[in-house]
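> Here it is, the structure, as structure tokens.
Since every read-out is calculated from the coordinates, none of them should be taken as a lab result. No experiment lies behind these values; they were computed from the predicted model shown. Here the Cβ is made from the backbone with ideal geometry for all residues, glycine too, and neighbour counts use every protein chain on show.
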Amino acid sequence: MKLKLPRDQFLSTVRVGDKGQIVIPKEVRDLFEIEPGDSLLLMADKKRGIAIVGFDGMMDFMDESLRQGRAAQKEGEQP
């Protein structure tokens, strides 16, 4: 089932196959420029659901978060 949404949004149902796989619809792959061989990060929370995000962007975010956390920790250690 597909609904008409603005160009930068997409809503559809997907079916889980026998091996637990889902197909990311072509429109979504095109929208996010997902290519074969790309890495995606799947995050799951029992209460909040499942999210799939681009791995490269998430790694940059995580690196920066860790860097800022280390800097804040060092500031807290100084007398």
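> From the backbone phi of the range 51-59, what are the Karplus-calculated ³J(HN,Hα) couplings (6.51 cos²θ - 1.76 cosθ + 1.60, θ = phi - 60°) in whole Hz, Gly and Pro given as x?
Result, rounded to whole Hz: 10, 10, 10, x, 5, 4, x, 5, 5.
> Per DSSP H run of at least 4 residues, take -39500 (n - 2.57); add these up for the chain, divide by its residues and hand me the 222 nm value, nearest 500 deg cm²/dmol.
-12000 deg cm²/dmol
> Next question, about the same structure. Could you order the peptides 17-28, 52-63 from most to least packed, using the average number of other C-beta atoms within 10 Å per residue?
By packing density, highest mean first, the sequence is 52-63, 17-28.
> Give the long-range amide H neighbours of Phe10: residues separated by 5 or more places, or on another chain, with amide H under 5 Å away, using H modelled in the peptide plane at 1.01 Å from N.
none
> Sort the chain into rounded, prolate or oblate with this rule: let a ≥ b ≥ c be the square roots of the eigenvalues of the Cα gyration tensor; rounded if a/c is under 1.5, and if a/c is not under 1.5, prolate when a/b is larger than b/c, oblate otherwise.
Prolate, since a/c reaches 1.5 and a/b exceeds b/c.
> Additional query: Which whole-number percent gives the relative contact order of the chain, counting Cα pairs below 8 Å spaced six or more residues apart?
14 percent
> Using a simple charge model, +1 on the beta-carbon of Lys and Arg, -1 on the beta-carbon of Asp and Glu, nothing else, what dipole does the chain show about its Cα centre, in debye to the nearest 20?
560 debye
> Return the sequence-ordered ³J(HN,Hα) values of the range 21-28 in whole Hz as given by the Karplus equation 6.51 cos²θ - 1.76 cosθ + 1.60 applied to θ = phi - 60°, using x for Gly and Pro.
In residue order, the calculated couplings are 8, 10, 9, 7, x, 3, 4, 6 Hz.
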